[in-house]
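Accompanying notes for the structure given below.
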Amino acid sequence: MTKISKKIKKENFSAYLSIWLSIVGNAILFALKFYVGLISKSVAIMADAWHTLSDSYSSVIVLVGIKVSEREPTKKFPYGFGRADTIASGILSFMLAIVAYEFAAKGIEKLIHKETADYGVWVYIALGLTIVLKEIMARISIWAAIKTDKKSLKADAWHHRSDALSSAIIIVGAILNQYFCWIDGVLAIIVALIIAYTAFEIMRDVAKSIIGESPDEEFAEKIKEIVNSTAKFDICPHHLHIHKYGNHIELTFHIYLPDDFQIQTAHNLTDEIEKKLKDKMNITATIHVEPLKQKKVDMN
């Protein structure tokens with residue numbers, strides 16, 4: 001039975017740092033908002049406090065996703081558990097969609113009932129601090145996502161940013177509400193649309209990863225360069241199929257070799273190419289060999 005390594009992988013240190021900062025930061029903000037909600041008797045702030053606490057749940061989901069993705073491949077799961085991070089991203093995008101729906105519904109309700117905001121100075125302090133800290137958390141999560149190539153961290157960053165936007169909405173609405181009674185509801189709907197679009201972008205990225213897509217031209221050219229430089233002649237790598245499992249990437253493709261190539265020679269060459277791809281691009285490749293005369297048939 002494969003056990004999850006007790007040591008934090010070096011490349012995932014930034015991910016764990018980002019997640020724990022998020023959990024601790026959200027806990028502090030929840031306590032602050034909850035306190036302000038009690039002393040100001042503001043139901044909106046109390047609700048926003050629980051919304052902030054819910055972000056800690058999303059960080060836990062990301063933590064579990066990354067932890068599971070670190071597990072080594074097994075006989076039953078030979079490609080590893082890298083897509084656990086992708087699944088975590090999908091869950092977070094669904095959570096963002098729910099947040100967007102709640103904001104839109106609240107905005108529409110305020111427009112219908114012409115509700116106004118009435119907040120004191122402590123609300124501005126708490127929400128202003130939330131905006132600053134949440135944006136810092138979002139930027140740290142984006143930095144960690146770039147460092148580790150974890151989609152779930154990018155999704156978590158937008159979850160933080162949605163909370164900052166919600167706090168900004170309350171502040172802007174409170175300031176302008178004395179002039180425009182409908183401004184709070186309109187701004188809530190606008191932010192809801194922004195969050196919904198973000199959720200859609202994340203889910204689309206998740207779908208591409210799960211369904212699979214053809215490699216882009218830059219990737220294909222890099223593969224051809226490594227393959228041909230290893231073979232010392234143009235063997236026309238083609239029919240490239242890429243399969244991503246988190247940080248583990250499987251690549252299959254075809255090459256053309258002269259008709260008189262010995263089996264052992266062809267094996268040695270493909271073995272060398274696979275090693276080069278592993279060393280230079282961390283890709284596990286499987287190569288199918290075709291006789292050069294097949295090239296003429298394929299071109300016709």
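Within 10 Å, count the other beta carbons around each residue, average over each peptide in 59-66, 218-225, and list them highest first.
On the way: 59-66: 22.2, 218-225: 14.2.
Final packing ranking: 59-66, 218-225.
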*Expressed as cubic angstrom per residue, what is the convex hull volume of the alpha carbon set of region 217-299?*
89
*Between A266 and Y101, what is the FRET efficiency for a Förster distance of 41 Å, r being their Cβ-Cβ separation, to the nearest 0.05?*
0.10
*In order through region 275-280: 3J(HN,Hα) via Karplus (6.51 cos²θ - 1.76 cosθ + 1.60), integer Hz, x for Gly, Pro*: 5, 5, 5, 5, 6, 8
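Roughly how many debye, to the nearest 20, is the charge dipole of the chain about its Cα centre, given +1 on each Lys and Arg Cβ, -1 on each Asp and Glu Cβ, and no other charges?
Details: 35 positive and 33 negative charges, 176 e Å.
With Lys and Arg at +1 and Asp and Glu at -1, about 840 debye.
So what are region 102-201's ellipsoid semi-axes, whole angstrom, largest first, if each one is the square root of 5 times an eigenvalue of the alpha-carbon gyration tensor? Before the final figure, lay out the partial values.
On the way: eigenvalues 162, 55, 10 Å².
Semi-axes, largest first: 28, 17, 7 Å.
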*Using the alpha-carbon atoms, what tilt in degrees (0 to 90, nearest 10) does helix 13-40 show relative to the longest principal axis of the chain?*
10
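Rounded to the nearest angstrom and ordered from largest down, what semi-axes does the equivalent ellipsoid of the chain get from its C-alpha gyration tensor (root of 5λ)?
Numbers: eigenvalues 542, 87, 36 Å².
Sorted largest first and rounded, they come to 52, 21, 13 Å.
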*Quick one: helix 43-69 against the long Cα principal axis of the chain, what's the angle to the nearest 10°, folded into 0 to 90?*
20
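Mind ranking 263-272, 148-157, 67-76, 166-175 by how tightly packed they are, going by the mean number of other C-beta atoms within 10 angstrom, highest first? Mind dumping the intermediate values first?
Values: 263-272: 13.1, 148-157: 26.5, 67-76: 14.8, 166-175: 20.9.
Ranking the peptides 263-272, 148-157, 67-76, 166-175 by packing returns 148-157, 166-175, 67-76, 263-272.
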*Taking K110 as the anchor, which aspartates and glutamates have their alpha carbon closer than 18 Å to its alpha carbon, excluding any fewer than eight residues away along the same chain?*
D48, E102, D118, D184
_Please list, in order, the residues from region 148-169 whose amide nitrogen is less than 19 Å from a point placed 7 Å along the Cα→Cβ vector of A207._
151-152, 155
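Against the empirical 2.2 N^0.38 Å scaling, what ratio does the C-alpha Rg of region 141-300 come to?
Values: Rg = 25.1 Å, N = 160, 2.2 N^0.38 = 15.1 Å.
That ratio works out to 1.66.
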_Relative packing of peptides 128-135, 255-262 - highest average C-beta neighbours within 10 Å first_ = 128-135, 255-262
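Fully extended, how many nm does the chain gain between L53 and K275 (0.36 nm per residue separation, minus their Cα-Cα distance)? Walk me through the intermediate numbers first.
Working: separation 222, 0.36 × 222 = 79.92 nm, distance 4.74 nm.
Between L53 and K275, full extension yields an extra 75.2 nm.
All of the numbers you see were taken from the coordinates with simple rules; none came from a lab. As the structure is a prediction and not an experimental result, all values here were calculated from the model. When we count neighbours, we look across all protein chains shown, and the Cβ atoms used for this are built from the backbone with ideal geometry, even at glycine.
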